[in-house]
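The values are calculated or read from the model by the stated rules, or taken from the named source; none is laboratory data. In this text, all values refer to a predicted model and were calculated from it rather than measured experimentally.
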Amino acid sequence: MRLPPPVPPAVIDSRPEPAVERIGILEAFIDLPDVRKAAGKRHQMALCLALFTLVVTAGNRGFIAIGDWLATVAS
């Protein structure tokens, strides 16, 4: 599998927020178009895809396992 060349850092959201350390995995998903309807855009798509990638890489399968892992990390 060949990875794409590195891309320069991109702005995820232009709203002012406290400084947060950048997470490299977001860069892989930041340029993907978000084709969801407006009602389905509760969270940034790049962040969701990055978290799902980490969850599956950690060995979790299925919606319940994914939810449990995310709940554990968030607490």
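Out of the residues in the stretch 22-44 that are of a type outside the set (D, E, K, R) and in a helix (DSSP H, G or I), state the one that is modelled with the lowest pLDDT.
Step one: list which residues in the stretch 22-44 are of a type outside the set (D, E, K, R), which gives 23-26, 28-30, 32-33, 35, 38-40, 43-44.
When the remaining residues are screened for being in a helix (DSSP H, G or I), the result is 26, 28-29, 38-40.
Values: Leu26: 84, Ala28: 84, Phe29: 89, Ala38: 86, Ala39: 84, Gly40: 77.
Step by step, filter the stretch 22-44, then rank; the result is Gly40.
Mind listing just one residue for me: the one in the stretch 45-75 that is in a loop (DSSP other than H, G, I, E, B) and not aliphatic (A, V, I, L, M) and, of those, farthest from Ala28 (Cα to Cα)?
Top of the filtered list is Ser75.
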